[in-house]
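Some notes on the structure that comes next.
The values are calculated or read from the model by the stated rules, or taken from the named source; none is laboratory data. Please read these numbers as outputs of a predicted model, since none were measured by experiment. Because the Cβ atoms are built from the backbone with ideal geometry, glycine has one as well, and the counts that use them run over all protein chains shown.
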Amino acid sequence: MSAEKEHVHPGGGHYSGLNRIPNIKEFAAALDRDKKERDAKIDAQLRANKRNGDIQEHEAGNGYLAGHGRVVTDPVTGKEVQIDDVTTDFKKAVENPLLSIPNANLGKDTPVKTEATQSGEEYRKNQDITAPPDPVATGSTSDVPIHGEKTNVLFHPTPSVSYEPMFAIVEQRASMLCIAVFFSILFVGKFFGGRLLGLIPLAMCIASGIFLWMKDLIRRGRDIEWSSEQKRGETAVVNLIPESVEWMNSLLGIVWGLVNPDMFASVADTLEDVMQASVPGIIENVKVADISQGNNPIRILSLRALPDVHMKDIKDEMHKQNQKIKDPQEVAADEEGGDYYNLEASFAYHAKPSSQSVSAKAANMGMQLVFYLGIKGLFGVPLPIWVELIGLVGTVRLRLQMSPEPPFLKAVTFTLMGVPKVEASCTPMVERGVNILNLPLISNFVNWAIKTAASMYVAPKSMTLDLGKMLQGDDIQKETNAIGILFIRIHKAVGLSKQDRRGSSGGGSDPYITVSFSKFGKPMYCTRVIQDDLNPVFEETCALMVTSDLIKADEQLSMELWDSDRSSADDVVGKVELSLQKLIQHPGKMHEQISKLRGLKAESEMPGELHWEVGFFGKTQFRAALRTDGKDLSLPKELRDKTELQDNKGAIDNAQEDAVTHTPPDPLWPSGVLSVVIHQIVSLELANVKGSQGGKRKGGKEYEPARDAGEIKEEAAKTLPSAYCTICLNDELAYKTRTKVVSSKPIFNAGTERFIRDWRSAIVTVTVRDSRNRQHDPIIGVVPLKISDILRTSSQSTRWYPLDGGIGFGRVRISLLFRSVELKLPPPQLGWDVGTFEFLSDNLISTFTGTDKGKVKLSMRTGGSSATIKRDLCTAEGDIVRWDISGATSHPRPRLPVRYRYRSPIFIEFHLPGKRRVDHFAVVWLQGITSRKRTSRAFRT
């Protein structure tokens with residue numbers, strides 16, 4: 001599957017388990033996979049032509065990408081387009097466009113032309129024949145360079161002579177010279193009695209020096225070439241050359257210096273995430289300390305409008321999809337305006353010629369990185385590096401959604417037409433440094449990181465920016481990505497095939513079941529293993545969240561039965577698949593299934609059947625009776641009406657968002673989807689745990705404060721923590737963010753969505769930790785959030801919370817959003833999966849009759865925990881056996897920690913005096929016990 005056809009998460013969203021941080025390794029693998037697929041298609045076509053013996057002539061209209069690019073769906077125009085990553089040839093094609101013009105208009109000889117004396121039909125026919133860009137009659141048109149026209153605002157490229165071929169030859173011959181010098185030094189030095197231990201470093205230094213000199217020479221040549229280009233553009237403005245794009249470049253030059261560098265914080269955050277996910281083992285961590293746009297702006301090469309006549313079909317299809325998954329009022333709000341303007345722009349950037357000093361390089365676009373060299377988890381030595389953007393060339397397509405309300409622009413969708421060509425240099429933060437990326441033995445790590453980050457928005461992927469919400473500073477999520485859940489009950493499997501030679505007569509297999517989506521592949525739920533049974537009974541439940549992407553991709557729900565093997569790979573016993581598109585057509589109820597198992601190959605069958613239930617449950621509508629004023633009830637009545645003390649609800653665009661911000665969760669529908677997003681932490685610092693130094697007697701100065709106090713004064717310092725966050729839902733780890741290195745204001749914008757059985761008892765615990773080497777990560781602070789206390793007047797909340805209970809200080813911004821689903825579970829299934837099992841009575845009573853030989857000891861166990869009731873707590877009165885578990889004696893009341901409640905039982909074993917074997921036991925299944933409620937149970941041994 002190509003990279004473009006994989007799961008595409010909506011652009012601009014927070015990182016989560018589905019929206020993973022991209023890394024360079026996966027990006028490079030995707031490029032190789034796409035190239036292999038294209039090469040295979042070309043080879044297949046050539047073989048077919050050879051077999052048929054009818055190699056066709058070249059057909060006009062395939063363009064310079066014929067046979068090389070990849071065909072994707074353009075998210076701007078909706079058409080199939082052919083794109084390719086930017087190369088030097090692509091840049092020349094952008095800078096030197098051609099237009100097909102009839103030869104008759106050029107005064108040249110032509111076999112076919114249009115004349116005013118021709119009849120209407122003849123004129124139309126000749127016009128179709130000579131119509132660009134693909135004329136029917138050979139020799140009827142010519143390609144003419146475009147130097148300016150009304151439909152295309154073009155950048156006139158100069159200088160006319162390109163030095164790229166010369167640069168390529170210089171680099172090739174200099175590389176050969178480096179190799180020759182390297183081996184010559186070894187040969188000559190060895191001939192005169194030198195040692196290889198000294199000759200090899202000497203040869204490497206000299207060869208590297210020659211290579212760096214060559215790279216610096218080529219860069220200076222490119223700087224002069226692009227400098228003359230910029231001077232030509234400035235001259236074009238002075239001479240008022242018509243149809244030039246320099247008016248926009250002049251505007252960019254003015255606006256560029258006015259842009260707040262904080263606007264590039266999200267770019268720096270994305271690059272940092274990509275680098276941290278891709279660093280090699282010798283780099284312990286990496287941090288983007290600063291990013292600067294400099295005073296050298298990006299230049300526009302060309303602009304052209306894209307046709308919009310075909311958008312009607314796309315709008316109709318979008319309208320149908322929106323009607324299925326959205327409220328009618330929300331659909332009307334989203335389609336307000338409805339008119340689009342499509343635009344394609346080619347852009348380029350090149351650094352101005354500058355000296356080698358870091359201060360001079362700051363005039364160009366760049367960023368400061370800090371690489372922590374060392375070994376992950378052991379140590380890291382900071383190495384500050386200045387990364388300067390040398391060159392950037394690419395093409396972007398924009399779709400502007402218009403609106404009747406000022407500023408008449410509702411949203412902007414952009415997509416890159418191929419991975420841009422990026423060239424960057426890295427210089428250590430010293431007064432004069434060497435460009436270390438020019439060394440042949442050091443990988444272009446930064447260049448690949450920028451390309452990987454840019455690949456997140458290459459067609460058919462795109463990003464839509466809601467300008468209305470951006471102008472209002474709205475980053476609050478008011479709807480979950482999940483449109484509903486799949487609830488699955490796995491009852492049993494019967495008649496499975498025997499997979500192991502060992503085992504009992506009725507066994508021979510250790511089955512378990514995984515639940516996944518067939519195309520995604522990764523198991524989303526896994527049952528316990530039942531030992532040595534061909535008719536296993538599971539009685540387990542799970543819930544999977546369904547997103548619109550899964551429906552569009554026509555995913556299949558896959559239930560796979562496996563045989564657990566300790567010494568080899570597990571064997572597939574059989575599988576069952578069911579279409580999600582069919583399931584969501586019948587929502588709101590469970591469907592019983594008795595499915596025949598089939599093999600991995602199509603149409604193949606396996607012995608056995610699976611008995612299970614499945615149902616799709618969508619999100620509920622808000623009840624008007626629950627609507628509130630949305631004010632914070634925790635405030636005193638005298639302060640409750642003050643606007644500045646209310647929660648920030650962001651921009652409310654439609655009735656659905658208004659209901660979310662003014663209606664609490666419905667107690668009639670306790671189960672649903674909970675979204676937790678950690679935005680940012682501010683004023684993050686560690687507490688002083690070494691004592692104070694105030695006063696002369698303790699080494700301090702007289703009258704000075706005992707310790708530092710007040711707001712934090714630095715954004716980055718060695719004493720600041722490297723923080724990361726964990727999100728626990730009902731004491732289960734749900735998500736862990738990446739680490740933000742040494743910062744007092746780390747930005748995460750990461751979170752997760754999870755199904756919860758009962759929002760009334762759910763608790764979210766956000767823990768902030770300091771990532772440290774060679775020791776356990778200490779807790780900086782904890783934020784416990786009980787959903788029922790937070791969402792009292794609204795289904796969404798975004799607040800700042802103080803960090804408490806750790807070794808540091810700070811405030812964290814967290815968003816919570818809950819949406820109920822139309823699923824009602826029985827009371828025993830509304831509890832937590834993690835908890836503690838305990839007896840509430842003071843005595844355990846049994847009618848066990850095997851006590852004639854003495855007192856009985858009880859052993860209780862569940863997955864991962866056990867407890868014992870001693871013999872001296874046992875008393876027998878006739879046929880009644882009683883164990884005192886009140887805890888009044890020296891023995892505490894027995895308690896068992898439980899991690900997997902809904903798949904675990906409590907085993908109670910009876911140990912008789914004089915017997916090592918356990919002949920009698922009882923089982924209590926925890927899924928039938930209601931949480932926090934006194935329950936009496938009687939069971940047989």
In segment 592-636, what count of residues is obtained for those that are exposed (fewer than 14 other Cβ atoms within 10 Å of the Cβ) and in contact with a Gly (Cβ under 6 Å, 6 or more places away or on another chain)?
0
Checking Ala569, Ala493 in turn, the sole residue that is free of Cβ contacts under 8 Å to residues at least 40 places away in the same chain and more than 25 Å from Arg819 (Cα to Cα) turns out to be Ala569
For segment 165-201, name all the residues that are surrounded by 14 or more Cβ atoms within 10 Å (Cβ to Cβ) and modelled with pLDDT under 85.
Phe167, Gly194
Examine segment 622-632 for a residue that is out of contact with any helix residue (DSSP H, G or I) (no Cβ under 7 Å at 6 or more places or on another chain) and among the hydroxyl-bearing types (Ser, Thr, Tyr), and state whether such a residue exists.
no
Kindly provide the set of residues from segment 864-907 that are under 43 Å from the mean Cα position of the chain (by Cα) and modelled with pLDDT under 85, ordered by number.
Gly864
Scanning segment 913-926 for residues that are modelled with pLDDT of 85 or more and of a type outside the set (Phe, Trp, Tyr), which turns out nearest to the chain's Cα centre (by Cα)?
Leu926
Every listed condition ((1) in a strand (DSSP E or B); (2) touching a Phe, Trp or Tyr at 6+ places or on another chain (Cβ under 8 Å); (3) in contact (Cβ under 8 Å) with a residue 60 or more places away in the chain) holds for Pro587 save (1)
Would you pick out the residues in segment 724-750 that are small (Gly, Ala, Ser) and at pLDDT 90 or above?
Ala734
Kindly evaluate Val821 against the criterion of being under 30 Å from Arg903 (Cβ atoms), touching a residue at least 40 places away in the same chain (Cβ under 8 Å) and touching a Gly at 6+ places or on another chain (Cβ under 6 Å).
yes
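Please work out if Gly781 is within 30 Å of Glu284 (Cα to Cα), modelled with pLDDT of 90 or more and not in a strand (DSSP E or B). If you could, list the steps in order and put the result at the bottom.
Working: within 30 Å of Glu284 (Cα to Cα): yes; modelled with pLDDT of 90 or more: yes; not in a strand (DSSP E or B): no.
When the stated conditions are applied, Gly781 does not pass them.
Given the criteria assigned by TED's automatic domain parsing to the domain that holds Ala363, modelled with pLDDT of 75 or more and farther than 30 Å from His679 by Cα, does Met204 qualify?
Working: assigned by TED's automatic domain parsing to the domain that holds Ala363: no; modelled with pLDDT of 75 or more: yes; farther than 30 Å from His679 by Cα: yes.
Criteria not met by Met204.
Could you pull out every one of the strands (runs of 3 or more DSSP E) wholly within segment 801-872 that has 1 or more residues that are among the aliphatic types (A, V, I, L, M)? So that I can check it myself, show each step before the final result.
On the way: elements: 808-820, 835-838, 843-846, 857-862, 865-869.
It comes to 808-820, 843-846, 857-862, 865-869.
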Any hit, segment 601-622, residues being within 34 Å of the chain's Cα centre (by Cα) and closer than 18 Å to Gly521 by Cβ:
yes
Working only within segment 751-808, note down all residues that are surrounded by fewer than 17 Cβ atoms within 10 Å (Cβ to Cβ) and of a type in the set (Lys, Arg).
Arg760, Arg772, Arg774, Lys786, Arg792, Arg799
Kindly indicate whether any position in segment 355-370 is in a strand (DSSP E or B), in contact with a Lys or Arg (Cβ under 8 Å, 6 or more places away or on another chain), over 30 Å from Val458 (Cβ atoms) and at pLDDT below 60.
yes
Selection from segment 887-927 of residues small (Gly, Ala, Ser), exposed (fewer than 13 other Cβ atoms within 10 Å of the Cβ) and on the phi < 0 side of the Ramachandran plot yields Ala888, Ser890
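Those residues that are under 16 Å from Phe748 (Cβ atoms) and at pLDDT 75 or above, I need them from segment 250-266; list them, please. Don't jump to the end; show me each part of the working.
Filtering segment 250-266 down to residues under 16 Å from Phe748 (Cβ atoms) leaves 265-266.
Passing the criteria: none in range.
Within segment 876-886, can you find the residues that are assigned to a loop (DSSP other than H, G, I, E, B) and either of a type outside the set (Asp, Glu) or surrounded by 18 or more Cβ atoms within 10 Å (Cβ to Cβ) (or both)?
Going residue by residue through segment 876-886, those that are assigned to a loop (DSSP other than H, G, I, E, B) are 878-879, 885-886.
Matches in segment 876-886: Gly878, Ile885, Ser886.
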Lone qualifier among Gly574, Gly588 - being at positive phi and either surrounded by fewer than 15 Cβ atoms within 10 Å (Cβ to Cβ) or of a type in the set (Val, Ile, Thr) (or both):
Gly588
